[in-house]
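*Asks:* Okay, here's the structure, questions in a sec.
Quick note: the coordinates plus some simple rules give every number you see, no bench work behind them. The model shown is predicted, which means the values in this text are computed figures rather than measured ones. Using ideal geometry, Cβ is built from the backbone for each residue, glycine included, and neighbour counts are taken over all protein chains shown.
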Amino acid sequence: MVVIVGASIVPINRYYESSAEDLAFEAYKGLTGELKDRPKADVVVISSTYAELSTNSVNLANKIASYLGHQGSAVMRVEAGESGGPAVYTAFSLIKSGIADSVLLIGVEKMADQHGKTIQEYTARGLNYKDYLAGIMPVHYAALMMKKYMEVYKVDYDYFVNWPVKMHSYAVENPMAMLKFKVTPQQVKDSSVISEPIRLYDTGARGDGAAVVLLTSEEVARKYSDDLAKLQSVKGSSSDLEVSTSAMAVRDLALKLGDSVRDYYVQVHDSYSVAAAIQLEDLGLLPRGRSLTELDSVEVNLEGGLKARGYPGGATAVYQLAEIYLQLTQKFKGRTTSKEKALMISTDDLMTVAYGAKVIRE
Amino acid sequence: MKIFPPQIWRLKEELYSIVFGKCEDCGEIMYPYRPVCRKCGSMRVIKVKSKGYGTLIRYTISYQHREGYEKLSPMIVGSVLLDEGIEIAAPISADPEEVRKGMRLQAALRKYYVDSSNGLIVYGIKFRPADQD
Ligand SMILES: [Zn+2]
């Protein structure tokens, strides 16, 4: 059994005074304050997508592990497609297989040292090289997906406005959120056009962040804490990039995850409003073409999502796992779920890589 | 962005034409080309060059651009249904005023990017309004 024994996050923001190591330390300090014993880690798994580009350095895993005093641990950085999902998968597998008794999972990303244009440059490198050379950005693909969705389901822009309005209403209650303010439908509709029909409020809010989660085997869990959650399963899938109203990787992930997601508190990766709609529909949680008008019927992204809690690149999935642990152990300070089971979905910007993790209150 | 000349040289076929893969065993069509079939795993995937004509089925006009792409702003990116029956996403070289759904397009070689550090110019395919026949 894989147990989450503690988790801590720093608010997503612009930290001009802090390096990736400093942010990881802030989150780590929060974790150690909650535990009965000083965390020992057989393995330190780091999730960071843009480390080489944004920090101008390599070997981030050992730098962070060493900064946090974890000399002697096996260290590694794991990434695929800016979600952090693969690092969760790795941490889970290490314990489930018996290779490790404890894994310190750290997500960290520095997005705010650079100009917004430079961040667009980094994220465009996730596309195939030919598209990248042509000047194409992920938001162009997202805009084409949104247009196709509008055509297929005969919905207009107002339909998508529901997502940012809902996410911001949750973020107001979350002290760790990056954008803690409400927005009105009119404000969303008046926000600047990035690539029509996508406006500013349809996109995730990128920022710096760090989150840590300590995972252990059942044998050592109670040494650290009595507030436990069980990481029941982690699955993953991948696909080609397609302009579609559905994402093959997410559909395949839903099959691998099995049973109905209706009983779960769900977090999706809302890099764009249309991505949220596609994931909610591909998971079978809400009906196709109507998901964003039925948001009141489900508990989704109560922390405010990428849209308003913030979008710290490769650290995002570790935030999700940490928040879900805090939700299920009733330590989350914000809008809380009534459910005892949670499912986090982690994808890249355009949903070509998808991971899902199920967590249950112990 | 810094361009490494060998990376552009290797990519010449894909930059200067539209190449897709066709599996000779199961018929699967793949864009961009890759040597192994995603459906049946066969390595008998042949390269097929599109004739470069198609129809614009949807597009986005973008008001943000990356560093070095200022001259392209506003940029148009479209879903193009090639006459061969394949849908691809590609940059559209047209005036935002004249672009419309359903318009006929043809592939043309256009400037993509100039690397100011070494003067290297990258050319590639964009779609422009097709000549009337
Ligand atoms: Zn085949």
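*Asks:* Just to confirm the filter: which trypsin sites (Lys or Arg not before Pro) across region A:1-64 are DSSP coil and have at most 15 other Cβ within 10 angstrom of their Cβ?
*Replies:* A:R14, A:K36
*Asks:* Can you classify chain B as rounded, prolate or oblate using the Cα gyration tensor, where a ≥ b ≥ c are the square roots of its eigenvalues, rounded means a/c under 1.5, and otherwise it's prolate if a/b beats b/c and oblate if not?
*Replies:* oblate
*Asks:* Going by average Cβ density within 10 Å per residue, which order do the peptides A:318-325, A:224-231 take, highest to lowest?
*Replies:* Those peptides, ordered most packed to least, come out A:318-325, A:224-231.
*Asks:* Continuing with this model, one more query. What residues qualify as long-range amide H neighbours of A:S225, i.e. H under 5 Å apart, gap of 5 or more or another chain, H built at 1.01 Å from N?
*Replies:* A:K36
*Asks:* A:K36: which aspartates and glutamates have alpha carbons under 13 Å from its alpha carbon, excluding same-chain residues fewer than 8 sequence positions away?
*Replies:* Of all the aspartates and glutamates, those that pass the test against A:K36 - Cα under 13 Å, at least 8 places apart if same chain - are A:D226, A:D227.
*Asks:* Continuing with the same structure: Between A:S338 and A:T118, what length in nm is gained on full extension when 0.36 nm per residue of separation is reduced by their alpha carbon distance?
*Replies:* 75.1 nm is the gain from fully extending A:S338 to A:T118.
*Asks:* Something else now. Restrict the search to region B:56-130; then list the GluC sites (Glu not before Pro) that DSSP places in a loop and that have at most 13 other Cβ atoms within 10 Å of their Cβ. Walk me through the intermediate numbers first.
*Replies:* Working: sites: B:E67, B:E70, B:E84, B:E87, B:E97, B:E98; in loops: B:E67, B:E84, B:E97, B:E98.
Listed in order of number, the matching sites are B:E67, B:E97, B:E98.
*Asks:* Something else now. What is the distance in Å between the Cα centres of region A:262-322 and region B:41-57?
*Replies:* Answer, in whole Å: 35.
*Asks:* I've got another one for you. Spelling out what I want: for every residue of region A:345-361, take phi, set θ = phi - 60°, compute 6.51 cos²θ - 1.76 cosθ + 1.60 (Karplus), and round to whole Hz; glycine and proline get x.
*Replies:* Karplus-based 3J(HN,Hα) across region A:345-361 equals 10, 10, 10, 7, 3, 10, 6, 8, 10, 9, 10, x, 10, 9, 10, 10, 5 Hz.
*Asks:* Still on this structure: In percent, how large is the relative contact order of chain B, given Cα pairs closer than 8 Å and 6 or more residues apart?
*Replies:* Details: 258 pairs, mean separation 28.3, N = 133.
Once divided by the residue count of chain B, the mean separation gives 21 percent.
*Asks:* Output wanted: per-residue J couplings in Hz (rounded whole) for region B:76-90, from phi through Karplus 6.51 cos²θ - 1.76 cosθ + 1.60, θ = phi - 60°, x for Gly and Pro.
*Replies:* 10, 10, x, 8, 10, 8, 5, 4, 6, x, 10, 9, 10, 9, 7
*Asks:* Another one. Just the number: Rg to Rh for region A:161-293, Cα atoms, Kirkwood Rh, two decimals.
*Replies:* Expressed as Rg/Rh, it is 1.02.
*Asks:* Another question, then. Mind jotting down the distance between the C-alpha centroids of region A:73-105 and region A:197-234, whole Å?
*Replies:* So the separation of the two Cα centres works out to 12 Å.
*Asks:* Using only atoms on other chains, find how many Cβ atoms lie within 10 Å of each Cβ of peptide B:53-66 and report the average.
*Replies:* Working: counts 0, 0, 0, 0, 5, 9, 5, 15, 6, 11, 5, 12, 5, 11.
Mean inter-chain Cβ contacts per residue within 10 Å come to 6.
*Asks:* Next question. What lysines could a cross-link reach from A:K180, if we take a straight Cα to Cα line under 23 Å and drop same-chain neighbours fewer than 8 places away?
*Replies:* List returned: A:K110, A:K166, A:K189, A:K307, A:K331, A:K333.
*Asks:* Please average, across the residues of A:289-300, the number of beta carbons from any other chain that are within 10 Å of each residue's own beta carbon, and give a whole number.
*Replies:* Values: counts 0, 0, 0, 0, 0, 0, 0, 0, 0, 0, 0, 0.
So the per-residue partner count for this stretch is 0.
*Asks:* Now, a different point. Tally the DSSP beta bridges in chain A and give the antiparallel ones as a percent, rounded to 5.
*Replies:* Antiparallel bridges: around 75 percent, rounded to the nearest 5.
*Asks:* If you don't mind, another one. Check each of the GluC sites (Glu not before Pro) in region A:1-62 and keep only those in coil by DSSP with at most 12 other C-beta atoms within 10 angstrom; list them in order.
*Replies:* For GluC sites (Glu not before Pro) across region A:1-62 that sit outside H, G, I, E and B with at most 12 neighbouring Cβ atoms in 10 Å, the list reads A:E17.
*Asks:* Efficiency by 1/(1 + (r/R0)^6): what FRET value for A:N128 and A:L35, r their Cβ-Cβ distance, R0 = 51 Å, to the nearest 0.05?
*Replies:* My answer for the efficiency is 0.70.
*Asks:* Report P(r) for chain A: all Cα-Cα distances, bin width 20 Å, range 0 to the bin holding the largest distance, values in whole percent.
*Replies:* With 20 Å bins starting at 0, P(r) equals 33, 60, 7.
*Asks:* Express in nm, to one decimal, how much length is gained between B:D95 and B:K71 on full extension, taking 0.36 nm for each residue of separation and deducting their alpha carbon distance.
*Replies:* 7.3 nm
*Asks:* Arranged from highest to lowest average of other beta-carbon atoms within 10 Å per residue, in what order do the peptides A:176-184, B:39-47, A:79-87, A:279-287 appear?
*Replies:* A:79-87, A:279-287, A:176-184, B:39-47
*Asks:* Could you give the Stokes-Einstein D for region B:68-133 in µm² per second, using the C-alpha Kirkwood radius, 37 °C, 0.692 mPa s? Walk me through the intermediate numbers first.
*Replies:* Values: Rh = 13.1 Å.
It comes out at roughly 251 µm²/s.
*Asks:* Kindly flag which residue pairs out of A:K63/A:K341; A:K147/B:K126; A:K29/A:K117; A:K117/B:K126 have an alpha-carbon separation exceeding 27 Å in this structure.
*Replies:* Check vs 27 Å cut-off fails for A:K63/A:K341; A:K29/A:K117.
*Asks:* Follow-up. Based on the mean of other Cβ atoms within 10 Å per residue, sort peptides A:101-108, B:110-117, A:306-313, A:338-345 so the most packed one is first.
*Replies:* A:306-313, A:101-108, A:338-345, B:110-117
*Asks:* Same structure again: Among A:A249, A:L231, A:W163, whose Cα projects farthest towards the positive end of the dipole of region A:116-254, with charges put on the beta-carbon of Lys, Arg (+1) and Asp, Glu (-1)?
*Replies:* A:W163
*Asks:* Please list the non-local residues whose amide H lies under 5 Å from the amide H of B:Y112, H modeled 1.01 Å from N, same-chain partners needing a gap of 5 or more.
*Replies:* B:V122, B:Y123, B:G124
*Asks:* Run lengths n ≥ 4 of DSSP H only: what is the helix-derived mean residue ellipticity at 222 nm for chain A, with -39500 (n - 2.57) per run over all residues, to the nearest 500? The partial results should precede the final answer.
*Replies:* Details: 13 runs with 131 residues, N = 362.
So the calculated ellipticity at 222 nm is -10500 deg cm²/dmol.
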